[in-house]
Amino acid sequence: MPELPELNPVIHGKLRLALLSLLSGVDEAEFTWLREKTGSTDGNLGAQLMKLEEAGYVAMKKRFVLRKPQTLYRMTEKGRAALSEYVEALKQLLGNAVISG
Amino acid sequence: MESNVKDTELTERLELIANMMAEGRRSTTRWAWTIVLWGVAFYVAIAWSSGMFGGPIWGQHYMAWPVTMIGTWLLTWTLAGRMHKGAKAPKTTVGRAIMSIWTAMGISMFALLVPLGLGGRADQQVCVAVIATLLGTANAASGILIKWKAQFACAVVWWLAGAASLFGSVTQSLIAFLVAIFFCQIVFGIYAMICESRRRRQVQGAANA
């Protein structure tokens, strides 16, 4: 019997997964846009983004637009690879469930 | 039982990924209101130019198209600016591609119709055919790009209206144009707005579940 893949715990959290998926489709995104799309609070969103940043999955940069601070996030290559692996692992697990069910 | 719960959870994760990726790439439905706005603008310009309105300003029929088109462009620009005041939507490759299609179409229309009018060669049936064909091209390109059959269907309606306008009378050409505007701008625009609001609710629900 083939060994079942492990799901990456950093990505498996629902909000972190939503954030990585959102970032996978765009060049870069503002903190406020991510908050709007996920409906999360500032504190929770900041904490989850920090975890993704620590894992090297997203990169953050700050800039000023019309004297207002803006925080931008983009997905790194490492993050893209990790999300792809996670999706593959999910599909494999679900495939096994279908076969064994 | 536990296995079923786990499978449901995994399936939910896959759905969440798909929803969020679609949300990031979303570009057309966010602009659905502009489709309706331009449809209404076409109707106003046609009604004005055909003398349906009276009065000192509305009586200037030659001003109908330039004033309506420039006015609508300014209104679109202003409203789009307000839309960006909140969380600014990020740029995507697909978004840039769609924007380039519509910008190029707008410039082509301007570059062709203005000299046609100034050169005194603005035959109404030819103008309707040009406008409809260009709108068909832009809708088809966008529809293919984002794999949206409804938008491609609009392109087909525009192309048919463009071709039909060259055969019948001037009145029949105008009717073809009015029908195409109704289906491709008003009906399709409202449908796109409904899709947008549905998707917004779905995505927020998925992330918060």
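The values are calculated or read from the model by the stated rules, or taken from the named source; none is laboratory data. Just so it is clear, the model here is predicted, and its values are computed rather than measured. Cβ placement follows ideal geometry from the backbone for every residue including glycine, while neighbour counts extend to all protein chains displayed.
Residues in region A:1-18 that are in a helix (DSSP H, G or I) and more than 8 Å from chain B (Cβ to nearest Cβ): A:P9, A:V10, A:I11, A:R16.
Restricting attention to region B:22-44, and to residues there that are surrounded by fewer than 19 Cβ atoms within 10 Å (Cβ to Cβ) and at pLDDT below 90, which single residue is farthest from the other protein chains (Cβ to nearest Cβ)? Residue satisfying both the conditions and the ranking: B:R30. Whether any residue in region B:94-115 is touching a Gly at 6+ places or on another chain (Cβ under 9 Å) and assigned to a helix (DSSP H, G or I) is what I want to check. Yes: region B:94-115 contains one or more residues that are touching a Gly at 6+ places or on another chain (Cβ under 9 Å) and assigned to a helix (DSSP H, G or I).
The number of residues in region A:25-48 being outside any loop (DSSP other than H, G, I, E, B) and either more than 14 Å from every other protein chain (Cβ to nearest Cβ) or loosely packed, with under 15 Cβ neighbours inside 10 Å (or both) comes to 5. Of all the listed residues (A:T38, A:T76), the sole one being β-branched (V, I, T), at pLDDT 95 or above and under 15 Å from the mean Cα position of the chain (by Cα) is A:T76. Here region A:49-63 is the region considered, the condition is being farther than 20 Å from A:L83 by Cβ and within 14 Å of chain B (Cβ to nearest Cβ), and the residue that is farthest from the chain's Cα centre (by Cα) is A:R63. Against the numbered list (1) of a type in the set (S, T, Y); (2) modelled with pLDDT of 95 or more; (3) surrounded by fewer than 17 Cβ atoms within 10 Å (Cβ to Cβ), B:S108 comes up short only at (2). Of all the residues in region A:64-78, those that are within 13 Å of chain B (Cβ to nearest Cβ) and surrounded by 14 or more Cβ atoms within 10 Å (Cβ to Cβ) number 6.
Among the residues of region B:154-174, the ones that are surrounded by 15 or more Cβ atoms within 10 Å (Cβ to Cβ) and assigned to a helix (DSSP H, G or I) come to 11 in all.
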